[in-house]
1. Does residue 85 satisfy the condition of being closer than 24 Å to residue 149 by Cβ and modelled with pLDDT under 85?
2. Is the range 54-71 home to any residue that is under 14 Å from residue 27 (Cβ atoms), open to solvent by 20 Å² or more (accessible area, probe 1.4 Å) and in a helix (DSSP H, G or I)?
3. Before we move on, is residue 56 modelled with pLDDT of 85 or more and in contact with a Ser or Thr (Cβ under 8 Å, 6 or more places away or on another chain)?
Amino acid sequence: MSAGYDTQERVIVTQDHYQPAVVSVGVVLYEWNEAIRQRVQRLGSQFGNSGIKLQLLTHSDLVRQDDKTKHLQGVIFQLPPNGDSPLARRFEIIFRQSHQALLADCDVAAAFTVTEDDNLSNIELAMQVSFASHGADCHWLGLDYSAADSVAFQSWCEGIAISVRQSVNKPATLAA
């Protein structure tokens, strides 16, 4: 007589769910105040609703080129409002040193600034970021300087989120 046992196979049922890719957009900050906080909060809210991670970057992160600056699908730059300020000169120096590495893998780039009563947004710095973006084959989405609670700023945030998601979902093409 032989000892025997029944072998039962486990049946495992799995369901495949589409999980969107983890997408990160960096926001390069040079100063922090209430107006900047409101814009970052609005961006974070819109990005969170779109499944996009917001990565805050300081000038130190750019200089060190640490892990926070790698694998970003997009970059948004905070531009100093006054082009003659020490902050604007610092931005230009750091941007010149880091823009190639920062924009190398990005699909989209944009900028925002906070207008002050006595001057307009820094168009020259925005043009530098725009030219660098085009040079890196990174889609430039423009400069926004409207109020954080405005419809224009909300539309700008939505446009960035849509562009980032579209860039992630674009079909890959193979060279023959």
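1. Working: closer than 24 Å to residue 149 by Cβ: no; modelled with pLDDT under 85: yes.
No: the conditions fail for residue 85.
2. Kept after step one, since they are under 14 Å from residue 27 (Cβ atoms), are these residues of the range 54-71: 54-59, 61-62, 68-69.
Then keep just the ones that are open to solvent by 20 Å² or more (accessible area, probe 1.4 Å); that gives 54-56, 58-59, 68.
Of the ones still in play, those that are also in a helix (DSSP H, G or I) are 59, 68.
Taking every residue of the range 54-71 in turn, at least one turns out to be under 14 Å from residue 27 (Cβ atoms), open to solvent by 20 Å² or more (accessible area, probe 1.4 Å) and in a helix (DSSP H, G or I).
3. no
The values are calculated or read from the model by the stated rules, or taken from the named source; none is laboratory data. Keep in mind the model is a prediction, meaning the values are calculated, not measured. Here the Cβ is made from the backbone with ideal geometry for all residues, glycine too, and neighbour counts use every protein chain on show. Please note that ligands, DNA and RNA were not included when accessible areas were found on the heavy atoms of the full protein model with its side chains. Shrake-Rupley method; radii C 1.70, N 1.55, O 1.52, S 1.80 Å.
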